[in-house]
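The values are calculated or read from the model by the stated rules, or taken from the named source; none is laboratory data. If you're wondering where the values come from, they're calculated on a predicted model, not measured in any experiment. Every residue, glycine as well, gets a Cβ built from its backbone with ideal geometry; the counts of neighbours run over all protein chains shown. Please note that ligands, DNA and RNA were not included when accessible areas were found on the heavy atoms of the full protein model with its side chains. Shrake-Rupley method; radii C 1.70, N 1.55, O 1.52, S 1.80 Å.
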Amino acid sequence: MTIQIPFDNSYAELPERFYARLDPTPVAEPALIALNDALARDLGLDADALKSPAGVQVLAGNMVPPGADPLAQAYAGHQFGGWSPQLGDGRAILLGEVISANGLRHDIQLKGSGRTPFSRMGDGRAWLGPVIREYIVSEAMHALGIPTTRALAAVATGETVLRETPLPGAVLTRVASSHIRVGTFQYFAARQDKDALKELTDHVIARHYPDAGTALEMLERVIAAQARLVAQWMGVGFIHGVMNTDNTHIAGETIDYGPCAFMDRYHPETVYSSIDQFGRYAYARQPEIAVWNLAQLATALLPLIDEDQDRAIEMATEAVHRFPGLYSEAWLAVFRPKLGLTTAEPGDAQLIETLLSRMSALGADFTNTFRGLADGSARGRFADPDGFDAWAADWRARMGRETADEAVRIETMRRANPAVIPRNHRVEEAISAAVAGDFGPFRALMGALVRPWDDPSGEGVRFTRPPEPGQEVRQTFCGT
Ligand code: AMP
Ligand code: MG
């Protein structure tokens, strides 16, 4: 049986210096861990065929299906502010692209598929932990309505990957609208390859921003997309953890789930990543880091913006300076419904900020406090409920000026404040069990995460609970 995937590859048409063509490296004994039926269906792929032995061979990188044009993409990037001129897909291979029924183009990429010319010191492999983590968190993000890369499948390789200890290997099939990053532009800008920059810009405009006519207009669209994305992260307490420019997606999707985490107790300075010593990528710093990353994109695009570089700098700077306004607007659009507000008043930002500052002072659980606003249980989330009462009086006064009736306001809150997020201790629990060969906890967690707005019943209720003191996960690690 051969697996039929209707590939339509556009990145492979770009000049050779954009990538390295090579096949994935086969693995010893592929076994399917998970296949995302709903996503397969949306992509117009045959889920049952992908689950068959031949399908699993494809998802493991052991068999290259007809029409695929496997390649590893070149890119550069700033990592924690330091410049790396040559990164690229060191452990990922793009099989090709497919166009779904709605006309959208999607990359099908294998992550953990063996060494490439961009692997540097790495082995090109992934271990099961980061594969399970990315599968869980990216699909949870999608269910929450936040732009993200997706997980089509996870397979075990039957091979051991050496990290600090020997660990089971795995391959993730990642789906994205593209894998083009700010760092892809930086790669060519650093080489002063203006022709490549132009081709990449044309490709991105055609693919992601068809209404943009120029590099400057594309930059403006990317800035707006990133402002919306980061505001959405803030609304669910998500901390990306490695907002490097090579992890900044050009179409504003969340990409590269390494040491990412959803906060339990709210504090703006929260950091989970073990390597983020100075809190560069702390929760509350995400908007300013996004600006920093977008300024790098703007710099890379200068040669295309205007022949006169002073003029180009002026225009690019102006575009980047629009981020704070766009972000504030997006942030209000995210947080107003979290408070059940369907109209806008000038004092709303202050009302939201006051709640957040009380939450941080009193260590309230981010997710459950907001969720509790709809059912009246928020007060009980505070160690000191009096602190909540003072705020709630203002909130009720503001609600009194709402035009929507109470049922609408409650439904608004229930659709803006998830009951279920991938809490760290549950993600870790799913990973530990998977490493021991039990995928039950992973499946149970996924079952709850795909319906984040519903209150789970029975056993599922545990996924809504913050960690007990002994369960708390304070540190997360890079996905290598
Ligand atoms: P990340 O931290 O996942 O954004 O990765 C940063 C860079 O390191 C990218 O160029 C990756 O392809 C590369 N990389 C990460 N892990 C590995 C690995 N195990 N083998 C080869 N390259 C890797
Ligand atoms: Mg990356």
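What number goes with the only condition from (1) within 16 Å of ligand 2 (Cβ to nearest atom); (2) among the small types (Gly, Ala, Ser); (3) open to solvent by less than 10 Å² (accessible area, probe 1.4 Å) that ALA231 does not pass?
Against the list (1) within 16 Å of ligand 2 (Cβ to nearest atom); (2) among the small types (Gly, Ala, Ser); (3) open to solvent by less than 10 Å² (accessible area, probe 1.4 Å), ALA231 comes up short only on (1).
I need the strands (runs of 3 or more DSSP E) fully contained in the range 17-115, keeping only those with at least 3 residues that are surrounded by 19 or more Cβ atoms within 10 Å (Cβ to Cβ), within 16 Å of ligand 2 (Cβ to nearest atom) and touching a residue at least 40 places away in the same chain (Cβ under 8 Å).
Because the criterion is at least 3 residues that are surrounded by 19 or more Cβ atoms within 10 Å (Cβ to Cβ), within 16 Å of ligand 2 (Cβ to nearest atom) and touching a residue at least 40 places away in the same chain (Cβ under 8 Å), the strands (runs of 3 or more DSSP E) in the range 17-115 that meet it are 92-99, 105-111.
Would you confirm, using the coordinates I've provided, whether ARG280 is open to solvent by 40 Å² or more (accessible area, probe 1.4 Å), more than 30 Å from VAL408 (Cβ to Cβ), within 16 Å of ligand 2 (Cβ to nearest atom) and not small (Gly, Ala, Ser)?
Taking the combined requirement at face value, the residue satisfies it.
Mind telling me which of the residues GLY437, GLY380, GLY447, GLY400 ends up being at positive phi, open to solvent by 20 Å² or more (accessible area, probe 1.4 Å) and not acidic (Asp, Glu)?
Checking each option against the conditions leaves just GLY437.
If we keep just the residues of the range 334-375 that are basic (Lys, Arg) and in contact with a Phe, Trp or Tyr (Cβ under 7 Å, 6 or more places away or on another chain), which is surrounded by the fewest Cβ atoms within 10 Å (Cβ to Cβ)?
Ranking the qualifying residues of the range 334-375, first place goes to ARG358.
What number of residues within the range 120-131 are open to solvent by 10 Å² or more (accessible area, probe 1.4 Å) and in a loop (DSSP other than H, G, I, E, B)?
Residues meeting the conditions: 5.
Mind checking which residues of the range 226-271 are of a type in the set (Gly, Ala, Ser) and either more than 27 Å from ALA319 (Cβ to Cβ) or within 13 Å of the chain's Cα centre (by Cα) (or both)?
Matches in the range 226-271: ALA231, GLY237, GLY241, ALA251, GLY252, GLY258, ALA261.
Buried (at least 19 other Cβ atoms within 10 Å of the Cβ), of a type in the set (A, V, I, L, M, F, W, C) and free of Cβ contacts under 8 Å to residues at least 60 places away in the same chain - does that describe any residue in the range 310-327?
Looking through the range 310-327, at least one residue is buried (at least 19 other Cβ atoms within 10 Å of the Cβ), of a type in the set (A, V, I, L, M, F, W, C) and free of Cβ contacts under 8 Å to residues at least 60 places away in the same chain.
Given (1) modelled with pLDDT of 95 or more; (2) open to solvent by 10 Å² or more (accessible area, probe 1.4 Å); (3) away from ligand 1 (no atom under 13 Å from the Cβ); (4) not small (Gly, Ala, Ser), identify the lone condition not met by MET141.
For MET141, the failing item is (2).
For the range 311-359, which positions are in contact with a Ser or Thr (Cβ under 7 Å, 6 or more places away or on another chain) and part of a helix (DSSP H, G or I)?
Those that are in contact with a Ser or Thr (Cβ under 7 Å, 6 or more places away or on another chain) and part of a helix (DSSP H, G or I): PRO337, MET359.
Go through (1) open to solvent by 10 Å² or more (accessible area, probe 1.4 Å); (2) within 13 Å of ligand 2 (Cβ to nearest atom) one by one and return the number of the condition GLY241 breaks.
GLY241 satisfies all of (1) open to solvent by 10 Å² or more (accessible area, probe 1.4 Å); (2) within 13 Å of ligand 2 (Cβ to nearest atom) except (1).
Restricting attention to the range 261-280, and to residues there that are closer than 17 Å to PHE366 by Cβ and aromatic (Phe, Trp, Tyr), which single residue is modelled with the lowest pLDDT?
Of everything passing the filter in the range 261-280, TYR272 is modelled with the lowest pLDDT.
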